[in-house]
Each structure stands twice: as C-alpha cells, then as structure tokens.
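What follows is calculated from the coordinates using simple rules that are stated; it is not laboratory data. Computed from a predicted model, the values in this text were never measured in an experiment. Positions of Cβ are backbone-derived with ideal geometry, glycine not excepted, and every protein chain shown enters the neighbour counts.
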Amino acid sequence: MKAIRRFSVRPVLPEPLAPLHDLARNLRWSWHAETRALFRAAAPDSWEAAGGDPVRLLAAVPAARLQELAADRGFLRRLAVAAGDLHDYLTEPRWYQRAGDELPRAVAYFSPEFGITSALPQYSGGLGILAGDHLKAASDLGLPLIGVGLLYRHGYFRQSLSRDGWQQEHYPVLDPDELPLELLREEDGTAVRVALALPGGRSLHAYVRLARVGRVPLLLLDSDVEENGAAEREVTDRLYGGGSEHRLLQEMLLGIGGVRAVRAYCRLTGHPAPEVFHTNEGHAGFLGLERIRELAHEGAAFDAALETVRAGTVFTTHTPVPAGIDRFDRDLVARHFGDDGELPGIDAQAVLALGRETYDGGDPTLFNMAVMGLRLAQRANGVSTLHGRVSREMFAGLWPGFDPAEVPITSVTNGVHAPTWTAPEVPRDAHRLTDAELWELRRTLREQLVHEVRARLHASCRQRGAARAELGWIDGVLDPDVLTIGFARRVPSYKRLTLMLRDPDRLTELLLHPTRPVQIVVAGKAHPADDGGKRLIQELVRFADDPAVRHRVVFLPDYGMAMARKLYHGCDVWLNNPLRPLEACGTSGMKAALNGCLNLSVLDGWWDEWFEPDFGWAVPTADGQAAADQTRRDDIEAAALYRLVQDQVAPCFYDRGVSGGELPERWIERVRQTLRRLAPKVPADRMVREYVERLYAPAARAHRALDRAAAGRLAAWKSRVREEWPRVAVDRVEHAGAGAEGASLELGSSLTVRVRVALGALTPDEVEVQAVAGRVDESDALAGADAVRVALKPGTGPDLEGRWLYEGPLALDRTGSFGYTVRVLPAHPLLSAPAELGLTAAPPDEAGAGGAGGVLLR
Ligand SMILES: *Cc1c(COP(=O)(O)O)cnc(C)c1O
C-alpha cells in the first residue's frame with residue numbers, strides 16, 4: 001500500500017536533551033567526529049539505520065530511550081561539552097577576525113550544487129563537493145560567507161544496476177521537513193517567498209530553506225510552493241535534469257532569486273550585506289543581472305550599474321570541456337528577459353549582449369553563461385595552475401589583441417576540507433609514526449574498506465536479483481593485504497572510466513599476479529542522459545562479474561560522499577586517467593592523499609602542479625602528436641599505465657625488507673612524504689585564504705571605490721575610450737643606444753625606445769604605452785615577453801599632427817634573439833588588469849613603417 005499523504009512528526013526532546021536539537025541542525029557534526037560519536041552513543045542501532053544522520057536519528061529514537069538519556073548523567077555531561085564546543089566554534093574570533101579590517105563585510109557564494117554531507121544529497125560531483133568544502137573552510141576561518149543554491153526535491157539520482165550491468169536511476173523524494181533545514185520566515189512567522197516574473201504573466205515562487213554549515217548559512221531555494229503552477233513547482237525537481245528551458249528557469253531562480261533570498265536573509269537576521277558575490281561556475285551568473293536591476297531601480301544607468309556589479313563579482317570557471325558550459329538559445333533568453341519577463345527596466349538587448357560569443361567561431365544564436373560570467377565579473381579564475389592557463393587560451397578570443405598569458409583569468413588551486421575527508425584513525429601528525437605504526441594504520445584502513453566493499457557488493461548483488469545463497473563468494477572479495485587501487489568519479493567520457501580495460505588480458509594478469517596481485521574498487525555515476533557513459537559502466541560491471549576476477553575487481557553502485565570517504569581512507573593508490581588537460585583540477589586524489597594514499601595519475605589538474613615521485617606516479621600521456629587520434633592515444637596511455645603498475649607500483653608495495661625488516665620501507669616512505677609534505681598543501685582553508693587575499697579583498701576594495709558617481713564616471717570613461725580607440729595608433733618606433741643598427745648588443749646594456757603615438761581625443765594620462773620585450777623565434781614571434789612602461793617625454797606636447805612622444809629605456813636582460821614591440825593600452829586606476837577592456841593598439845605590421853624592433857643580443 002502507498003500512503004496518499006505524508007507528514008513528518010517532529011520529536012519532542014525532554015528538556016535536558018534540548019541541546020541535541022541545535023547539534024543536529026548544525027551540519028558541523030558532519031566534520032566533527034566528537035559530535036557524531038555523541039549521537040552514535042545516544043542510540044547505536046538507530047544511528048546505523050539513520051545512515052549517520054542526526055536529524056533522522058532523533059526522529060527515530062524511541063521516546064523511552066530519550067527519557068533514559070535525559071537521566072543519564074554521563075551522557076548529559078558529554079552533551080554539555082559538545083554543546084559548549086559548538087557554541088565556542090560559532091562565536092569565537094577566528095582567522096578572518098584577525099586578518100585585517102579592509103576585508104569584505106560579507107561574501108555571497110552561489111553554486112548550483114552543494115556537497116556538504118550525504119544527509120543533504122544536493123550534489124552530483126566535484127563541483128558540489130568543492131562548494132561544500134568551500135563553505136566548511138570559510139566557517140572554520142570565520143569568513144562571513146552566505147552560501148546560495150537550490151533545494152532539489154530529488155537531489156541528483158540514486159544509482160543501481162540492472163542484472164546485465166546497466167545503470168538504473170532512482171529519484172527518491174526528499175522531504176525538506178526530514179532534512180537538516182529550517183524554513184526562512186518573516187518576523188510574523190510566515191514563510192519568506194522569493195518571486196520571479198515569467199513570460200505570459202506567470203510567476204515563479206520559492207521558499208528559502210536554511211542549512212547551517214558551522215558559522216555559514218546556506219540558503220536553498222525551493223520552488224515546491226503551493227502558489228506555483230504545476231510546471232513552476234517542478235523547477236527545482238532535480239539537479240541537472242530537464243531540457244533547456246528548465247535549466248534556464250533553474251539558473252534564473254538561482255541567480256536572481258538567490259540575490260533576493262540573500263537580501264531577505266540579511267534583512268531578517270541583521271547579517272551584513274555581501275560586498276562580494278562569487279559565482280561557482282557560470283550557472284549562477286544571472287546574479288549579476290539582478291544586482292544591476294537593483295541599482296537601476298535606485299536610479300543608476302545600466303552601464304554604471306554594470307561597473308559597480310563587476311567590481312564586486314568573482315567568477316570561477318571549472319571546465320575546459322565545452323559541453324560543461326551552459327549555452328542557451330538566444331531567443332529563449334530574450335523571451336524570459338523581454339518586457340514581458342524578469343528584470344523590467346533592463347533592456348533585453350543589453351542582457352543578450354552580455355552572453356554573446358563575440359570571438360571567432362562563436363555562435364551568434366547562442367547565449368553563453370561562461371561568457372556572461374566573465375563580462376559580469378571583474379575578477380575570474382580557473383581552479384589549478386594548468387587549468388588557469390587552459391582557460392586563458394580558451395577564452396582569449398574575448399580579449400582580442402592580447403596574448404593568452406595576459407588574459408585576466410588567474411587561478412586558485414582547489415582544496416579539500418581536511419576534517420571532512422581525513423579518517424578519524426589518522427592522527428594529526430601521522431607522518432611521525434614509526435614505519436610499523438604507519439603500515440598498521442594503512443592496513444586497518446584497508447581492512448575497513450574491504451568490509452565496506454563486501455557489504456555494499458552484497459546489497460548490490462541482491463538488488464540485481466541474486467539469491468542470498470548464491471553470494472557466499474562475496475566473503476572472499478578483496479583481501480586486506482593486497483595492493484588496493486581506487487577509481488571513483490563521475491563518468492563523463494574525458495575521465496575514461498574504462499581505460500584500465502583497454503587490454504582486458506593484461507589487466508587480468510595484474511589482478512591475478514601470483515605474488516604481486518592488485519585489487520581495484522571502481523565507482524561512478526553516468527549522467528542519466530549519457531548512454532555512452534552507461535555503456536562504459538556496463539563494460540566494467542561485466543568485466544567485474546566474471547568469476548575469474550570478481551574477487552579482485554569490484555564496481556560499487558551509487559557513488560556518493562559516504563562511500564567516497566571509505567575509499568579515500570582505505571585505498572593504497574588513487575588512480576586518475578583523464579584526457580589531459582580536460583580535468584580542471586580533480587580533488588579526489590587530494591582527499592586520498594590526506595589519508596596517506598598515493599596517487600597514480602595523468603599529469604593533469606592539481607597533480608600537474610604538485611606531483612613529486614615521493615607522492616606517487618605520473619602516468620605518461622600522449623597529448624602531443626597522438627592526441628588527434630583518440631584510439632591510439634588510449635592505447636599508448638593504457639599500456640603505460642599497465643607497465644607502471646607492474647614494474648613500479650606493485651614492486652614498491654610488495655618488496656619487503658629491502659633494508660632488513662619485514663616492511664615495505666619504500667612504500668611507507670612515500671606514504672610518510674605524502675602525509676608530511678603533500679597533505680599540508682591540499683586543505684580547503686589554504687584555498688579559501690587565497691580567495692580572500694587575492695580575489696575577495698581586492699573585489700571589495702574595487703566595489704567600495706565605485707559609489708554611484710564614480711561608477712558613472714568609469715562607465716563614461718570606458719565608453720569614450722572605446723569610441724576613440726580606432727584613432728589611437730602607434731606611428732613611429734625607433735631605438736637608439738648601445739650598439740648601432742644591426743650590431744650585437746651586450747647583456748645588461750639598454751636601449752632607448754622612442755615612440756610616437758596618436759591618441760585621438762584621449763589624453764596621455766588615459767593610456768599606457770608599453771614596450772614588450774622578450775625572446776623571438778624564427779617568425780619573429782615574441783615568447784615569454786615582459787611589458788615595461790614607456791613614459792611620455794617630459795616637457796613635450798603633441799606635434800603638429802597631434803602625436804605624442806614617449807621615450808624610455810629598455811633593458812636587455814636576456815641573451816639570444818631578442819625583440820620588442822610597443823603597444824598602447826587604456827589606463828585607469830580602477831581597471832583590474834591592463835587587458836580588462838580588450839583594447840590595444842600596436843604598430844602596423846608592414847616593415848619599414850616603424851614596426852617592431854628586433855635586435856640580436858649575444
Ligand atoms: C571528491 C569527490 C568528487 C570529485 O572527484 P574528482 O576527482 O574531482 O573527479 C566526486 N564525487 C564525490 C562523492 C567526491 O567526494
């Protein structure tokens with residue numbers, strides 16, 4: 001029978017247990033082992049049944065047990081300690097409170113998904129987990145951050161397998177009343193509602209649900225509101241489901257509704273208003289439009305409002321994979337923002353212009369959320385050093401005339417929240433343990449994983465239709481003393497789930513090696529619309545179903561945070577083999593490293609940056625020549641992977657007593673180095689501090705500098721510069737000094753560069769003239785060039801043709817073929833980077849017209 005209505009009945013806690021309520025409602029328990037231990041102690045059986053979720057636990061504990069606890073002096077003492085600890089955590093000054101007073105009063109952080117704990121399943125993969133870790137680290141650091149997202153009624157999906165290994169998706173209903181959430185209410189107790197206007201006179205309403213992530217409030221918009229029409233109620237049904245219009249509505253609700261939710265929250269709680277808005281990937285980009293509307297409503301002109309909003313916005317791009325970027329049909333966007341839609345008073349053409357792909361190869365019929373993100377944010381970043389570089393190349397078309405190196409997109413390498421991802425068994429200074437202790441620790445964690453895998457495999461096989469009696473073999477699956485490799489992540493094609501299956505016989509040999517076997521645990525979800533991904537999973541499952549190898553290779557369905565933790569804790573080696581450079585950062589390997597797991601990975605994302613032989617192995621890639629031929633590339637890289645495992649990884653693990661003892665000293669030393677030198681780099685508090693220092697603080701300063709009048713002036717200036725720019729030109733370039741024309745020059749000498757430039761109606765203080773110098777190749781292209789400012793020659797005015805004379809020294813600081821060119825750029829104290837406007841004027845190309853100079857330096 002199925003119920004036709006459901007209610008949730010809240011437990012009534014006896015008075016002495018009242019503090020349990022706040023402890024359960026603040027998700028800090030998810031990274032605070034002592035609080036979890038307290039809940040477990042309250043009712044050990046219910047704790048397991050509740051999946052380690054305190055809110056569900058409290059709803060499940062029998063009243064009699066609660067009465068018992070209320071009289072248990074020992075329990076009450078522990079409860080008081082935990083409650084006091086939470087209170088201190090929430091109120092005491094932390095890093096941010098000591099970090100200076102120039103910092104933003106508050107920051108709003110928008111993301112389409114948040115992975116905080118499996119008890120609040122609102123994530124699909126790395127992007128969401130990163131957002132969750134960002135919030136937790138912000139909380140630990142005392143950063144006044146407000147998280148903003150959507151509450152999906154079904155979250156992502158739960159994965160199981162059919163008998164023949166095909167991914168099945170399930171969408172359980174999440175009842176907000178049973179989640180660790182509170183409804184945001186007005187002072188009179190009614191629910192806060194955020195509303196958006198939709199075409200055709202419809203509107204979209206949403207509740208604001210509040211999760212407490214330590215000190216950080218997370219606001220989740222929920223469109224399952226009675227006032228909504230049936231279609232609007234479904235807007236927040238699932239994460240990354242539905243067609244284009246559905247996605248657009250989700251993103252409008254997230255961006256526009258999200259800003260309105262922040263305003264309501266600040267009004268009701270007295271939280272300071274955010275000075276900086278950070279959008280985690282392009283999906284929340286409409287937040288900038290809503291803030292422009294707010295300013296326009298107060299009387300600001302669009303262009304001036306745009307400057308103010310840009311100054312206070314940070315945009316993080318997460319993907320070099322085009323399919324990872326949202327692009328909407330222009331007409332669809334136009335319909336939703338026209339006179340008839342959202343943001344009245346904002347010209348729909350101005351909105352469309354923000355998302356236009358103006359570069360070569362851009363599609364004029366599409367509206368690109370990443371492009372809009374970059375135009376609405378004065379500061380932008382990728383998520384690893386390599387990804388920063390790749391992003392600058394990818395988006396260079398938006399800054400024509402600049403080298404990719406100058407594109408104003410920096411990078412902040414992702415981090416992971418150490419208290420969330422480190423096994424409780426790993427002590428703080430684990431690298432100081434003796435070899436024997438370290439090895440024992442690793443074995444304990446591996447053994448726990450083996451038990452976890454068997455339990456999950458058992459459940460999965462039952463679910464796929466096996467009878468209990470057929471499953472005796474599962475007790476022999478995995479061995480707590482065998483080298484254990486983990487591979488778990490989403491299954492987009494670039495991550496190459498099945499690279500290890502390239503040569504199944506070769507893999508089988510490795511699994512069944514008589515003295516140095518390996519065992520592999522695999523997990524991952526394919527997007528429900530991605531049949532290609534599901535085929536990869538099926539291929540893997542079929543391989544793992546084979547009785548010849550099933551004790552050594554396992555595919556576990558329903559990858560999520562709870563399973564992920566066990567894998568990071570218990571694996572010896574974390575494998576990652578994406579198509580370089582498509583993995584923007586990758587974070588699972590960092591989480592593994594926190595637990596002394598070694599990485600075996602293609603040099604992509606973070607591993608490209610921090611790889612050292614002490615921390616694991618780099619899988620050689622063929623991303624030069626063979627890159628064009630994907631099959632060949634997979635063959636080469638898979639072969640390299642097998643060879644590495646066989647010749648290096650396995651011997652390192654199995655060779656014992658090299659220096660006399662019983663232990664694999666070389667392995668243990670790598671574990672030690674990973675814990676000692678790699679683990680301190682990966683934590684998310686390092687990442688969040690970098691965001692504060694390099695992006696949030698400068699953004700807040702820039703935003704403060706732009707009051708209405710200053711923003712108006714900046715907008716007017718930019719518009720005048722754009723208008724005049726066609727008349728800006730470099731007319732003549734000469735150099736004099738050390739060595740005559742054509743002669744070689746000595747390192748350490750300098751040239752005097754003399755340039756005449758036409759500025760149209762601009763004045764010399766509105767531009768910067770630069771000499772850009774560096775090595776040149778055979779085709780005179782400059783490589784690794786540096787720009788130096790060339791000053792207006794003192795006491796000179798424009799000549800009869802209106803040209804200005806600039807003159808300055810150029811140091812010859814590199815040997816070999818050396819060349820320079822000059823250029824003119826707009827200059828204004830409120831620009832964040834010289835390339836910001838994407839305007840530059842260079843000498844004409846023709847030789848003899850005073851083009852770039854070239855000299856040879858020996
Ligand atoms: C860390 C994590 C991810 C992201 O892993 P990548 O290595 O970045 O692909 C995905 N899912 C879960 C559950 C995670 O914990």
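Rounded to the nearest 500 deg cm²/dmol, what is the calculated helix-only ellipticity per residue at 222 nm for the chain, with -39500 (n - 2.57) per DSSP H run of length n ≥ 4? Please report the intermediate quantities before stating the final value.
On the way: 30 runs with 297 residues, N = 858.
Calculated from helices alone, the mean residue ellipticity at 222 nm is -10000 deg cm²/dmol.
Fully extended, how many nm does the chain gain between D363 and E187 (0.36 nm per residue separation, minus their Cα-Cα distance)? Write down the numbers at each step before the final one.
Details: separation 176, 0.36 × 176 = 63.36 nm, distance 4.83 nm.
Length difference between fully extended and current span is 58.5 nm.
The string of couplings for the stretch 28-36 from the Karplus curve (6.51, -1.76, 1.60, θ = phi - 60°) is 4, 3, 5, 10, 10, 4, 5, 5, 4 Hz, one whole number per residue in order, with x for Gly and Pro.
When only DSSP loop residues count, what chymotrypsin sites (Phe, Trp or Tyr not before Pro) in the stretch 604-694 have their Cβ near at most 15 other Cβ atoms within 10 Å? Let's see the in-between values first.
Numbers: sites: W606, W607, W610, F611, F615, W617, Y642, F653, Y654, W667, Y691; in loops: F611.
Counting only loop positions with at most 15 other Cβ atoms within 10 Å, none of the chymotrypsin sites (Phe, Trp or Tyr not before Pro) in the stretch 604-694 qualifies.
Helix 561-570 and the long axis of the chain differ in direction by around 90°, with both axes built from C-alpha atoms.
For the stretch 674-729, the average shadow cast by the Cα convex hull is 7.0 nm², which is a quarter of the hull's surface.
Could you list V776, V730 in order of exposure, starting from the residue whose Cβ has the fewest other Cβ atoms within 10 Å? Could the numbers behind the result be given before it?
On the way: V776 21, V730 24.
If I rank by nearby Cβ atoms, fewest first, I get V776, V730.
Taking amide H as placed 1.01 Å from N in the peptide plane, the amide H of A106 sits under 5 Å from that of E275, V276, each at least 5 places away or on another chain.
Counting other beta carbons within 10 Å of each residue's own, what order do L441, L714 fall into, fewest first? All intermediate terms of the calculation are to be shown ahead of the outcome.
Working: L441 19, L714 23.
By the 10 Å Cβ count, ascending: L441, L714.
When DSSP assigns beta bridges and you keep just the ones with both residues in the chain, what percent turn out antiparallel, to the nearest 5?
The antiparallel fraction comes to roughly 60 percent.
As an equivalent ellipsoid, the stretch 426-681 spans semi-axes of 26, 24, 17 angstrom, where each value is the square root of five times an eigenvalue of the C-alpha gyration tensor, largest first.
Backbone geometry of the stretch 582-596 corresponds, through the Karplus equation with coefficients 6.51, -1.76 and 1.60 at θ = phi - 60°, to 3J(HN,Hα) couplings of 8, 8, 4, 9, x, 10, 5, x, 5, 5, 4, 4, 4, 9, x Hz, x marking Gly and Pro. For the stretch 426-681, lysine pairs with C-alpha atoms less than 18 angstrom apart, excluding pairs fewer than eight positions apart on the same chain, total 7. In this structure the amide hydrogen of V553, modeled in the peptide plane, comes within under 5 Å of the amide hydrogens of I520, none closer than 5 places in sequence on its chain.
Amide H to amide H, with H built 1.01 Å from N, A488 comes under 5 Å of A523, counting only residues 5 or more places away or on other chains.
Determine the equivalent ellipsoid of the chain by diagonalising the alpha-carbon gyration tensor, then write out the semi-axes as square roots of 5 times the eigenvalues, largest first, rounded to whole Å.
Details: eigenvalues 490, 269, 127 Å².
That gives 49, 37, 25 Å for the three semi-axes.
Near E294, once Lys and Arg are set to +1 and Asp and Glu to -1 for all other residues with Cβ below 10 Å from its Cβ, the sum equals +2.
Return the loop-located GluC sites (Glu not before Pro) in the stretch 294-364 (DSSP other than H, G, I, E, B) with at most 11 other Cβ atoms within 10 Å of their own Cβ; answer none if there are none. Don't skip to the end; give the middle numbers.
Numbers: sites: E294, E298, E307, E342, E357; in loops: E298, E342, E357.
Hits after loop and neighbour filter: E298.
In sequence order, the stretch 660-677 has phi-based couplings of x, x, 9, 10, x, 4, 5, 5, 4, 5, 5, 4, 4, 5, 4, 5, 7, 10 Hz under the Karplus curve 6.51 cos²θ - 1.76 cosθ + 1.60, θ = phi - 60°, and Gly or Pro positions carry x. Restricted to Cα atoms, the stretch 386-448 shows a radius of gyration and a Dmax of 21.3, 60 angstrom.
Starting from the stretch 98-186, pick out the GluC sites (Glu not before Pro) whose DSSP state is loop and whose Cβ has at most 11 other Cβ atoms within 10 Å.
On the way: sites: E102, E113, E169, E178, E182, E186; in loops: E102, E113, E186.
Here the sparse-neighbourhood loop sites are E102.
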